[in-house]
Amino acid sequence: MNKVLHSLFKNDKKLNLENLDYLIFGRFYSDNYGAYNIYKLTHSALFVDRREIWHNKRHTQAGYTFKGEIMSEEQFQIAKNLINQVPNDILDESLKGFYTIGNKNEDKLILEVSDGKLKKKITIDEYEIDTEELPIELKKFRRLIENKVKQLDRKNDT
């Protein structure tokens, strides 16, 4: 009987990676006093949030909300394929955020995906990237995102 009840009330909702509305990504370094950007990619545009508030808002009750301005078509072209490369590993329920750095400086990759109905937010710390707990596809995706962020940040500096 309990098994039947469990299956009736089980949440079968899963984020649809095949039909994402957006991907939010960015990098935060606690030991870097320079500016940082958070990017939001849709299928038709790329936006940037330059407010540098993610690190303060992430632990508040309201949390961080992306507010950005549209970027150029050239910048969109740099990042446009990322939304189709989000690995299935991001759907793992245990991936809420990795945080085992202790008193070390934070070096975070910020990710959020949404299909319009559901969304998932995770952060991955640099100190976690080589651990066994992080799936290989997510490690590869992190490196891909990091390269795109570097390219976009260079374009923002010019």
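Descriptive notes on the structure:
- Counting the residues of the stretch 122-137 that are surrounded by 14 or more Cβ atoms within 10 Å (Cβ to Cβ) and modelled with pLDDT under 85 gives 10.
- Check on Phe47, of a type in the set (A, V, I, L, M, F, W, C), farther than 23 Å from Asp125 by Cα and in contact with a Leu (Cβ under 9 Å, 6 or more places away or on another chain): yes
So that you can scan it fast, the table gives a plain yes or no per residue for (1) more than 22 Å from Arg154 (Cβ to Cβ); (2) not β-branched (Val, Ile, Thr):
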site	(1), (2)
Ser44	yes, yes
Arg50	no, yes
Ala62	yes, yes
Phe66	no, yes
Ile70	no, no
Glu73	no, yes
Asn81	no, yes
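- When residues of the stretch 105-121 are limited to those that are more than 15 Å from His55 (Cβ to Cβ) and either of a type in the set (Gly, Ala, Ser) or modelled with pLDDT under 65 (or both), the one surrounded by the fewest Cβ atoms within 10 Å (Cβ to Cβ): Gly116
The values are calculated or read from the model by the stated rules, or taken from the named source; none is laboratory data. Please read all numbers here as calculations on a predicted model, not as lab measurements. Here Cβ is always computed from backbone atoms with ideal geometry, including for glycine, and neighbour counts include all displayed protein chains.
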